[in-house]
Structures are given as structure tokens and as C-alpha cells.
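FYI, it's all coordinate maths here, none of it is from the lab. These figures come from a predicted structure and were not determined experimentally. Here the Cβ positions follow ideal geometry from the backbone for every residue, glycine too, while neighbour counts run over all protein chains shown.
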Amino acid sequence: MDEIEIQKCGVKFDPPGIVVVYNEKCSNKQRRRTMPLRDFTKNTNVEKATQDLLSHPRHGKYVSLITKAQLVRLVTIVRDKLNGMSLEASLARNDALDKIDPEENLNTVDEETLKRKKAVMDKTFEKHQVKPDDPDFKYDVEVEFDENNVIESGWDSEEGSDMEF
Amino acid sequence: MAKNGEPDYDQVGDEGECKVKIICLGDSAVGKSKLVERFLMDGYKPQQLSTYALTLFNYKTEVNKQKVLVDFWDTAGQERFNNMHPSYYHQAHACILVFDTTRKVTYKNLPLWLKELREYRPEIPCLCCANKIDVDYNVTKKSFGFAKKQRMPFYFVSASDGTNVVKMFNDAIRAAVAYKNDSTDFMDEIMRELENFELETDSGSQTLDDKKDNVSESGLESSKNKDNDDDDSDVKS
Ligand SMILES: Nc1nc2c(ncn2[C@@H]2O[C@H](COP(=O)(O)OP(=O)(O)O)[C@@H](O)[C@H]2O)c(=O)[nH]1
Ligand SMILES: [Mg+2]
């Protein structure tokens, strides 16, 4: 969709909803659109609510211009509020969910956290993805990397490692 | 089909094909599912094993004129809490160990995955890959000692842009078939092809700089490391 460009997005608590401010290119007008989250309660599944918005016949085309990770974040903030969390607390929690910590073990986090982390990772994944309909696409991409001019990664030499070197 | 609806890999396929099972192991979110998806591309309908919430993908190919049916097994997240069901390992013929080059913890956990694998499948060929190199290609100028230490073929890959994914899976398939056919030198063969592999072992006290010197000299011709499977030093000085 080229005819609109999202400029801002945000949330509405009462009634629960997602708000986008966008520029309509043909008229060069700034518009605002509020999209209610229907039947949204403190127990609503965030993933499902996000999916419902994305497949909504009228709202879908607007929210699909926001990254999935950001949309999930907004929906989560609305739900946190319904759970009695302060905005500050919710923002802090969501910032933590959106951060990839190279030392954090994702084997032991809850389902919601893992989904959020994957949504953040998806951004880079999709940015670099070469798809079959891409003119540069090749199924078998073989690249040899020079093994002789390497430096130590530093990932082997640490204390507390299970490996012995 | 054996009990529980699981395929039985001791049977040959309907047309006499060789059936092999390949599994991926590694932490949550290292990209195991994306790698399998990239290799198979679209159009592969996974088969759900409802009993254990595992997914498997069938793939047909040929190795040395032999028809092969490959099942790639994927988890539905059981790697969380390091809680893989034994059926995941059962009858596997090859394993791909995956870590994420952007997250050190996933590399540090490789020995745990390998240890668990070896409890169930002490002998099967295992390959190792460093995924997500597209995030920062500079990572390919770095050395990761784990694979070399364990004498595994090592690949820098990206499920996102596709780098070396097909090569790695094809090597895994060849290794799986060779293992099933009781061939003894299958891993050496793959190793020899991957120039970066060094058959000699180093003593624990050596520095990595010393290692690097050995790489160029060691050559890859020998498969004698069979008798030398522990960590005894065998470096000619
Ligand atoms: N940039 C980049 N991201 C990747 C790559 N492979 C996987 N990812 C991302 O990592 C996340 C986890 O991948 P997934 O296949 O679900 O991991 P699994 O839990 O090991 O099966 C996904 O959200 C992907 O977007 C890759 O090669 N490059
Ligand atoms: Mg997965």
C-alpha cells in the first residue's frame, strides 16, 4: 500500500483500542484512525487479538503497516492496563520484552516472552530474507568463508564453560 | 507405522527407499524451524505427531542413485525447559546442532545438547551450524572452537538469506544415509570436503594461536582419528 504512510501509533484505554496517525498521500492530509479492540478483557490472548485486527476487513490494511512486533506491544500495553498495571510499569515491562539480551536463556522463559522475542527477531529476519520471487533468489547459496584469517570469537575461553580448552 | 503412529525407520519405503530421520537440536529461537523451512521451501505440508506435539516433514531425494526418504523432525517448542521427549531422538540417523551467532548463551548451551543427544544416540553423525550470520557477516571471520573440538563439520548459515543452508542439509542427508548403511568413513568424507576441518587434536594447554598454525599443516587426508577419539594430544612438534 503506497497511498498511506503511518506516522504515529498509540493506544486508547477506554474503550480499548489502537490508534494510528497517517498521511494520506493523494490528498497530503494527516488523518487519525481509531480501531477498537472488540471484546477485549484482561485475559484476552494478545496474539489472537493482534491477528483479529490484522485480518479485519477495514482496519487490517492500516495495522499491517505497523510491524507485528510493535502491534503486539501496543495490544499488550492495553491489556496490562486492564490488569491494573501503571503505564510506567507496563512500558518498562514491554521494553524488557522487546530487548534481545545475548546472555538471556530463552529456554526457560514463558510462552508470551518467547513469542515477543521472536517477533523482534523477525524484523531482521524479514529484512534480510531473499524470497523465491526475488530476482536475486537462488535456492542453493554456497559461500566459503576463509578459515585462515579468523580471530577468536571469545566465546570459547570463558570461565564457567562446560567445555574445556 | 509402529506404535504411537510413529514411522519405523527400520522398514524400507514402499518403493524400497532408504528411510532416514534427521533432527535439529539447540536452544529456543536459534532458528531450527526457519532452517528446515528454508531448505524445504514452500509446499511441504508437515505431518503432526499428535502424541508428542512433534512435527515432521517428509522429503524425497537421491543419494548415490539410491532413493531416500528423509523425515526432518521439528519440535513444537519442547526445547524449552530442555525437555525433549525421548521419541525425538529415537531412531535418528543424523543431527544438526544449531546456535545463534547473535546470542552467546546459545553457543554455551551446545555441550548440554550434545550430551543429551549422546545419551540417546551415542554414534550418529552430528553437524554443527552457526545461524543468523546475515545479522553481521563479520561473525564469519571469527572462530568457534566447539565443532572442531567435537570433530564435527561446521557451517556458517543464514535461514534468512539462505547462505549454506542447502549444502548443510544435503551433507546431513548424506551422513544419515551413510550411517544407516553402516559406512564407516562418511564423516571423514564430509570433513575432508569442508576445508576448515582439522583432524588432529590439540592438548588442552595449547593456546588458540598454536592451533591456528596447525590448521594449515595438518592436512585432511587421514581418517586415523578413529583410534584417537579422546583428547590425547597427537600434535607433532
Ligand atoms: N536474521 C535472522 N533471523 C533468523 C534466522 N533464522 C531465524 N531467525 C529468527 O529467529 C527467530 C527464531 O526462529 P525459529 O526458527 O522459530 O527458532 P527455533 O525456536 O529454534 O525453531 C525467528 O523469529 C526468526 O525471525 C536467520 O538466519 N537470520
Ligand atoms: Mg521451532
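Values as computed for the structure displayed
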| quantity | calculated |
| --- | --- |
| Shielding score for A:114-127, defined as the mean number of other chain Cβ atoms within 10 Å | 3 |
| Farthest positive-ward along region A:4-128 dipole, Cα basis, beta-carbon charges - from A:106, A:71, A:89 | A:71 |
| Prolate/oblate/rounded call for region B:124-167, Cα gyration tensor, a/c under 1.5 rounded | oblate |
| Using alpha-carbon coordinates, inclination of helix A:87-97 to the longest axis of chain A, degrees | 30 degrees |
| Percentage relative contact order, region A:4-128, counting C-alpha pairs under 8 Å, at least six apart | 19 percent |
| Cβ-defined net charge surrounding residue A:39, 14 Å radius [Lys, Arg +1; Asp, Glu -1] | +3 |
| Extension gain, residue A:85 back to residue A:51 (0.36 nm per residue minus Cα-Cα distance, nm) | 9.9 nm |
| Under 9 Å, Cβ to Cβ, from residue B:113 - net charge with Lys/Arg +1 and Asp/Glu -1 | -2 |
| Additional length obtainable on full extension of the chain from residue A:127 to residue A:32, 0.36 nm per residue less Cα span | 31.4 nm |
| Nearest-20 debye value, chain A charge dipole, Cβ charges on Lys, Arg, Asp, Glu | 2240 debye |
| Whole-Hz ³J(HN,Hα) from phi, Karplus 6.51 cos²θ - 1.76 cosθ + 1.60, for region B:66-72, glycine and proline x | 8, 6, 10, 9, 9, 10, 8 |
| Cβ-defined net charge surrounding residue A:103, 11 Å radius [Lys, Arg +1; Asp, Glu -1] | +1 |
| Cα→Cβ-extended label distance, 7 Å offset, between residue B:64 and residue A:70, nm | 5.5 nm |
| By average C-beta atoms within 10 angstrom, highest first, the peptides A:20-28, B:171-179, B:105-113 | B:171-179, B:105-113, A:20-28 |
| Dipole-positive endmost among B:58, B:138, B:102 within region B:1-149 (Cβ charges, Cα centre) | B:138 |
| 5 angstrom amide H check on residue A:107, placed H, neighbours 5+ away | B:28 |
| Pairs of Cα atoms farther than 21 Å apart, region A:4-128, % | 42 percent |
